[in-house]
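J.: Here's a structure for you.
The values are calculated or read from the model by the stated rules, or taken from the named source; none is laboratory data. Source: prediction; values computed, not measured. Methodologically, a virtual Cβ is constructed for each residue, glycine included, from the backbone with ideal geometry; neighbour enumeration extends over all protein chains shown.
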Amino acid sequence: MRDVLREGRLSWAFVVGDLSSAVAPALLFSLAAWKSEGARWDDLPSVVGRSLLYFWLYIYAFCLPNQITAIEEDRRNKPHRPLVVGAVSVRGAWLRWFVVMVLFSIAGAWLGVFAYTLLWQALIVGSNVLGGARSWVFKNLSMSLGIVAQLGAAWQMVTPLTPTAWRWILLPAVVIFPLISLQDLRDVEGDRVIGRRTFPIVFGEKATRILLGIAFALLPFAVHGAVMGPAGARGAAWMCEATLALVALVIAARVVLLRSKSADHRTYMFLTYWYCLLLVSAIVIL
């Protein structure tokens, strides 16, 4: 039992920083799929349990190699991470990754989402093992495809995908390609240390902030055209759209006006909140 508890604490230490961008959104979209199928309460525990299990493995499989290959960067930017503090060895982390990847494959096959599992595993290997994440194009594209792998699986494990569900998947998958560069403003020095060529490093911080400010200011129009407009003129849709627009405009203002490392981290967290709010909107509207 002690070993099980230790593994649980270690897993938590690896993934805790990514729960709001990985596990929470996926669970919300699984709930949207459940609601679209009639919201049968006797099905809810199974939906929640399967989603939490699968997406814990989803993010743990990513975080292990991501942190293994970024130890020197984390010494500067995230000194609390388990590999930096010595909670686990590099060899131990690699061993856990292999085990988690096997368990993740089994879970994907069991839940009927194996194609999305393979897509995510390919992105993990390409980004963290083969070094693709050193290029901003590959990194941002991986985030876009990662959303397809995430939300496609979240819906499919509950009920077959529909054209409406695909609109809610493709909207964040497309817009995240430019918007995720917000994440890199926090870690410019660390990225330079390990040789990453992120968008802010390639194009400069000033240009990145201007472009991101414009992109976030335009984001409400994309949301309206892709998902809110087709939902029809309803009070719930208007409320969701207004909330999402407000958060997007707050991010646009923050990325241009607030430029400290701590402010950039909080601004990025606003993006994760926007993503979760989008999927809460899916529960409300679908």
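J.: How many residues does the range 241-253 contain that are under 22 Å from the mean Cα position of the chain (by Cα) and either over 22 Å from Tyr268 (Cβ atoms) or of a type in the set (Lys, Arg) (or both)?
T.: Of the residues in the range 241-253, 1 are under 22 Å from the mean Cα position of the chain (by Cα) and either over 22 Å from Tyr268 (Cβ atoms) or of a type in the set (Lys, Arg) (or both).
J.: May I pose another question? Kindly evaluate Ile124 against the criterion of being surrounded by 16 or more Cβ atoms within 10 Å (Cβ to Cβ), modelled with pLDDT of 95 or more and within 24 Å of Leu286 (Cβ to Cβ). Spell out how you get there, then give the answer.
T.: Numbers: surrounded by 16 or more Cβ atoms within 10 Å (Cβ to Cβ): yes; modelled with pLDDT of 95 or more: yes; within 24 Å of Leu286 (Cβ to Cβ): no.
Considered against the rule, which asks whether it is surrounded by 16 or more Cβ atoms within 10 Å (Cβ to Cβ), modelled with pLDDT of 95 or more and within 24 Å of Leu286 (Cβ to Cβ), Ile124 comes out as no.
J.: Could you pull out every one of the helices (runs of 4 or more DSSP H) wholly within the range 27-92 that has 2 or more residues that are of a type in the set (S, T, N, Q)? Let's see the steps before the verdict.
T.: Numbers: elements: 44-68, 71-77, 82-85.
Fully inside the range 27-92 and qualifying: 44-68.
J.: Inspect the range 72-93 for any residue being aliphatic (A, V, I, L, M) and at pLDDT 95 or above and give the result as yes or no.
T.: The answer is no, given that none of the residues of the range 72-93 is aliphatic (A, V, I, L, M) and at pLDDT 95 or above.
J.: May I pose another question? Could you check how many residues of the range 222-233 are over 16 Å from Ile176 (Cβ atoms) and either without any contact (Cβ under 8 Å) to a residue 60 or more places away in the chain or in contact with a strand residue (DSSP E or B) (Cβ under 9 Å, 6 or more places away or on another chain) (or both)? Please lay out each step first, then the result.
T.: So in the range 222-233, the residues over 16 Å from Ile176 (Cβ atoms) come out as 224-225, 228-233.
If we keep only those that are either without any contact (Cβ under 8 Å) to a residue 60 or more places away in the chain or in contact with a strand residue (DSSP E or B) (Cβ under 9 Å, 6 or more places away or on another chain) (or both) as well, we get 224-225, 228-229, 231-233.
Residues flagged as over 16 Å from Ile176 (Cβ atoms) and either without any contact (Cβ under 8 Å) to a residue 60 or more places away in the chain or in contact with a strand residue (DSSP E or B) (Cβ under 9 Å, 6 or more places away or on another chain) (or both) within the range 222-233 amount to 7.
J.: Can you pull out the residues in the range 166-201 that are in a helix (DSSP H, G or I) and among the small types (Gly, Ala, Ser)?
T.: Applying the first criterion (in a helix (DSSP H, G or I)) to the range 166-201 yields 166-193, 199-201.
The answer is Ala173, Ser181, Gly190.
J.: Select from the range 142-164 the residues that are part of a helix (DSSP H, G or I) and either more than 18 Å from the chain's Cα centre (by Cα) or not hydrophobic (A, V, I, L, M, F, W, C) (or both) and list them in ascending order.
T.: First, pick out the residues of the range 142-164 that are part of a helix (DSSP H, G or I): 142-156, 163-164.
Ser142, Ser144, Gly146, Gln150, Gly152, Gln156, Pro163, Thr164 - these are the residues of the range 142-164 that are part of a helix (DSSP H, G or I) and either more than 18 Å from the chain's Cα centre (by Cα) or not hydrophobic (A, V, I, L, M, F, W, C) (or both).
J.: So how many residues does the range 254-274 have that are closer than 15 Å to Ile214 by Cβ and either at pLDDT below 95 or loosely packed, with under 14 Cβ neighbours inside 10 Å (or both)?
T.: 1
J.: I need every pair where a residue in the range 58-79 that is under 27 Å from Ala109 (Cα atoms) has its Cβ under 6 Å from the Cβ of a residue that is of a type in the set (Asp, Glu) and assigned to a helix (DSSP H, G or I), sequence separation at least 6 or different chains.
T.: Going by the 6 Å Cβ cut-off, the qualifying pairs are Ile59/Asp18.
J.: Thr198 - would you say it is closer than 19 Å to Leu141 by Cβ and either surrounded by 14 or more Cβ atoms within 10 Å (Cβ to Cβ) or of a type in the set (Val, Ile, Thr) (or both)? Steps first, answer last, please.
T.: Values: closer than 19 Å to Leu141 by Cβ: yes; either surrounded by 14 or more Cβ atoms within 10 Å (Cβ to Cβ) or of a type in the set (Val, Ile, Thr) (or both): yes.
In short, yes.
J.: I need the full set of residues from the range 170-195 which are among the charged types (D, E, K, R) and within 20 Å of the chain's Cα centre (by Cα), in order please.
T.: The answer is Asp184, Arg186, Asp187, Asp191.
J.: Select, from Trp155, Trp168, Trp120, the only residue that is in contact (Cβ under 8 Å) with a residue 40 or more places away in the chain and under 28 Å from Val250 (Cβ atoms). Full working, then the answer.
T.: Details: Trp155 fails: under 28 Å from Val250 (Cβ atoms); Trp120 fails: under 28 Å from Val250 (Cβ atoms).
So the residue among Trp155, Trp168, Trp120 that is in contact (Cβ under 8 Å) with a residue 40 or more places away in the chain and under 28 Å from Val250 (Cβ atoms) is Trp168.
J.: Please specify each residue of the range 184-195 satisfying the condition of being within 21 Å of Phe270 (Cα to Cα) and either of a type in the set (Lys, Arg) or surrounded by fewer than 22 Cβ atoms within 10 Å (Cβ to Cβ) (or both).
T.: Once the filter is applied, which keeps residues that are within 21 Å of Phe270 (Cα to Cα) and either of a type in the set (Lys, Arg) or surrounded by fewer than 22 Cβ atoms within 10 Å (Cβ to Cβ) (or both), the range 184-195 yields Arg186, Val188.
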